[in-house]
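The values are calculated or read from the model by the stated rules, or taken from the named source; none is laboratory data. These figures come from a predicted structure and were not determined experimentally. In case anyone asks, the SASA skips ligands and DNA or RNA and just uses the protein heavy atoms, side chains included. Shrake-Rupley method; radii C 1.70, N 1.55, O 1.52, S 1.80 Å.
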Amino acid sequence: MNNAALGLLAGLLIAVATATGGFGGLVLALLLGGIGLVIGLSRDGVIDLTALLRSRNRG
């Protein structure tokens, strides 16, 4: 299992544990699953988040 799948699984498990159901639980599950997927893809080297996190020198 690669890091992306592991991150997605971890995010979904956390969402299931914290969700109380209904539409809010669905939105929370999708949000946390997406965050876990992005972190997993970043750890696999598929996407590079340093470009977003790096501050740009202007001036």
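Summed over the residues of the stretch 3-56 and divided among them, the accessible surface reaches 71 Å² per residue at a probe radius of 1.4 Å.
Across the accessible surface of the stretch 3-56, with the other protein chains kept in place and a 1.4 Å probe, carbon and sulfur atoms take up 72 percent.
P(r) for the stretch 3-56: what percent of alpha-carbon pairs falls in each 5 Å bin, starting at zero? Per 5 Å bin, starting at 0, the Cα pair percentages come out as 5, 24, 21, 18, 14, 10, 6, 2, 0.
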